[in-house]
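What follows is a set of notes on a single structure, which appears directly below.
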Amino acid sequence: MDTILQRIGELGIVPVVKLDRAEDALPLGKALLEGELPVAEVTFRTEAAEESIRSLTENLPDLLVGAGTVLTREQVKQAVGAGAKFIVTPGFNPSVVDYCIEKGVPVTPGVNSPSQIEMALERGLSVVKFFPAEQSGGLSMLKAMSAPYGGVRFIPTGGIDGANMVTYLSFPKVFAVGGSWMVKPELVTEGKFSEITRLAREAVFRMHGFELGHVGINCPDEGDARENASTAASLFGMELKDGSSSFFAGKAFEFMKTPYLGEKGHIAVLCNDVARAAAFLKRKGVSFLPETERKKDGRTAAIYLDLSLGGFILHLLQR
């Protein structure tokens with residue numbers, strides 16, 4: 001897969017930005033970076049779009065910038081010339097899509113019918129935009145429409161917000177979501193960039209859904225693990241479960257039959273998508289132990305961080 005599209009999938013959310021004034025581009029881009037959402041799709045709905053893209057790409061190299069609502073080949077030329085790294089179209093315009101493919105520019109055309117999906121497949125595209133998502137029938141429509149196309153992933157856009165974002169992202173065929181709820185035009189024109197930062201960060205952590213899963217405690221042997229697990233289960237009215245390598249007391253406490261990773265044990269952190277969460281933490285400077293990766297149904301289900309807190313190593317666990 002193209003590296004730009006891969007980055008979009010890892011980021012999970014694409015802010016769709018409408019800028020009426022190019023001078024607002026930099027403070028907006030900085031607000032997104034501070035909100036830990038380093039991507040922006042600048043729509044070609046205004047005369048300020050081209051200059052805004054140029055300003056962002058020249059001054060904020062850590063921000064992935066693309067152009068949206070691209071309707072013509074000329075707009076593709078303008079956007080790419082200004083530094084746009086990807087193109088998004090509202091519908092499937094064969095002329096625009098073919099031009100992007102010819103020039104090697106990542107493009108996600110808008111689709112809302114099987115015929116349009118097959119037009120994308122014919123051109124070797126595996127990621128498309130589902131637009132307008134909610135108005136086209138929402139997630140139920142996407143599930144039905146995408147059923148015959150196992151290799152295609154979708155970026156729903158249109159009616160996506162903080163309330164339904166996680167529901168869309170929980171569908172495996174959803175590659176990412178696009179939306180403007182954290183970058184509403186009025187927030188930009190009123191200079192409320194700190195609010196954009198807050199909303200962006202809120203969206204990012206809601207997407208990941210980080211939550212304490214359980215605490216794993218290293219025990220010297222199986223007997224000690226059984227005794228400790230039995231005590232915890234009895235004290236708190238939890239079910240005692242005997243596993244291959246540990247005893248669980250309910251879902252909160254795991255007692256290892258032999259010492260495993262971590263000086264004292266491990267802390268499992270639940271998340272909505274382990275691969276996406278790992279990419280997020282890597283951007284924050286965290287390293288991982290690749291040999292600990294465990295997969296299920298082709299997706300990463302668990303992986304340990306190369307990071308301990310209070311003697312407990314951390315690991316991500318699929319919710």
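Within a straight-line Cα-Cα reach of under 30 Å, K284 can be paired with the following lysines, leaving aside sequence neighbours fewer than 8 residues apart in one chain: K18, K30, K85, K129, K173, K184, K192, K251, K264, K295, K296.
Projecting the Cα atoms of P94, M182, P61 onto the charge dipole of the range 3-208 (Cβ charges, centred on the Cα centre) puts P94 farthest toward the positive pole. Sparsely packed loop sites in the range 270-319 (the chymotrypsin sites (Phe, Trp or Tyr not before Pro) outside DSSP H, G, I, E and B with at most 14 other Cβ atoms within 10 Å) do not occur. In terms of the mean number of neighbouring beta-carbon atoms within 10 Å, the peptides 87-100, 11-24 order highest first as 11-24, 87-100. Between D306 and T292, the modelled labels are 1.2 nm apart [label points 7 Å from Cα along Cα→Cβ]. Electrostatic tally near D98: other residues with Cβ closer than 12 Å to its Cβ, Lys and Arg +1, Asp and Glu -1, net +1.
At 222 nm, what value in deg cm²/dmol follows for the chain if DSSP H runs of at least 4 each add -39500 (n - 2.57) and the sum is divided by all its residues, to the nearest 500? Walk me through the intermediate numbers first.
Working: 12 runs with 119 residues, N = 319.
After summing the helix terms and dividing by residue count, I get -11000 deg cm²/dmol.
Summary of packing: across the peptides 120-132, 240-252, the per-residue average of other C-beta atoms within 10 Å ranks them, highest first, as 120-132, 240-252. Under the combined filter of DSSP loop state and at most 12 neighbouring Cβ atoms within 10 Å, the range 221-283 retains these GluC sites (Glu not before Pro): E239, E263. Most simply put, the chain has about 40% antiparallel DSSP beta bridges, counting only bridges with both residues inside it. Remark: the range 50-62, residue by residue, has Karplus-estimated 3J(HN,Hα) of 4, 5, 5, 4, 4, 4, 5, 6, 7, 10, 10, x, 7 Hz, where x stands for each Gly or Pro and the curve is 6.51 cos²θ - 1.76 cosθ + 1.60 at θ = phi - 60°.
Bear in mind that the values in this text are calculations on the coordinates, not laboratory data. Values in this document were obtained by computation on a predicted structure and should not be read as measured data. Cβ atoms come from the backbone with ideal geometry, glycine included; neighbour counts cover every protein chain shown.
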